[in-house]
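The values are calculated or read from the model by the stated rules, or taken from the named source; none is laboratory data. Computed from a predicted structure; not experimentally measured. No Cβ is skipped: glycine too gets one built from the backbone with ideal geometry, and neighbour counts run over all protein chains shown.
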């Protein structure tokens with residue numbers, strides 16, 4: 001219902017000037033009203049300092065509304081004074097996780113060099129962007145990579161995920177397929193509950209697409225991230 005309601009609204013609330021208005025409605029009442037309006041559960045509601053708008057976080061996205069729910073805006077909110085992308089900053093914060101809570105026993109582990117730089121990714125074996133990312137990640141050194149198999153694109157994705165998980169060398173089977181197109185030889189007849197649990201985990205983390213990366217500070221980065229951006233993040237976290 002939410003997507004149907006909001007799909008025509010794109011890139012609104014651009015270049016809004018930063019102002020402060022007194023709150024007249026509280027977050028709880030806005031939350032109740034917006035949930036009734038859009039038919040979806042709202043994770044959080046926060047009063048912004050922009051035109052009296054309330055930030056609504058639901059289904060992994062941010063939308064904005066007024067205290068009477070008379071207008072619903074979906075798009076990027078930019079501070080007119082600083083030109084800061086307020087929505088992007090909030091999405092980063094709201095979608096971050098506690099990295100240590102990730103059940104890494106469900107992931108394929110690869111260690112290169114001293115392995116001190118760490119990241120996790122959720123990927124579908126039939127995802128073109130994931131294959132692009134795999135080639136970028138192959139150039140990283142001194143890194144530990146946890147790859148969670150997330151088959152969401154097709155039944156074949158599930159079959160390949162199971163075959164890779166059941167391979168004698170999971171990391172090699174994954175790299176052979178993603179980087180070279182060499183089909184996994186595993187039969188997929190071992191205990192593949194890790195794949196099933198990863199699908200459930202992805203639902204809880206509201207991961208709606210692959211690839212999705214997580215860094216140790218909890219930051220979530222969707223999409224095929226360029227190598228330069230990954231290195232930049234690592235440098236900020238671990239130094240040169």
Out of the residues in region 142-185 that are crowded, with 20+ Cβ neighbours inside 10 Å and assigned to a loop (DSSP other than H, G, I, E, B), state the one that is modelled with the lowest pLDDT. 184
Report yes if some residue within region 105-116 is part of a helix (DSSP H, G or I), within 17 Å of the chain's Cα centre (by Cα) and surrounded by fewer than 17 Cβ atoms within 10 Å (Cβ to Cβ); otherwise report no. no
Residues (in contact with a strand residue (DSSP E or B) (Cβ under 9 Å, 6 or more places away or on another chain), more than 14 Å from residue 96 (Cα to Cα) and surrounded by fewer than 19 Cβ atoms within 10 Å (Cβ to Cβ)) located in region 202-230: 208, 209, 223, 229
Just a yes or no: is a residue in region 73-86 surrounded by 19 or more Cβ atoms within 10 Å (Cβ to Cβ) and in a helix (DSSP H, G or I)? yes
Identity of the residue in region 220-240, free of Cβ contacts under 8 Å to residues at least 24 places away in the same chain and assigned to a strand (DSSP E or B), that ends up farthest from residue 142 (Cα to Cα): 222
Consider residue 100 carefully, then state whether it is surrounded by fewer than 14 Cβ atoms within 10 Å (Cβ to Cβ) and over 21 Å from residue 209 (Cβ atoms). yes
Per-region count, region 108-128, residues in contact with a strand residue (DSSP E or B) (Cβ under 9 Å, 6 or more places away or on another chain) and in contact (Cβ under 8 Å) with a residue 60 or more places away in the chain: 12
Which one of these is loosely packed, with under 15 Cβ neighbours inside 10 Å and in a helix (DSSP H, G or I): 139, 93, 41? 93
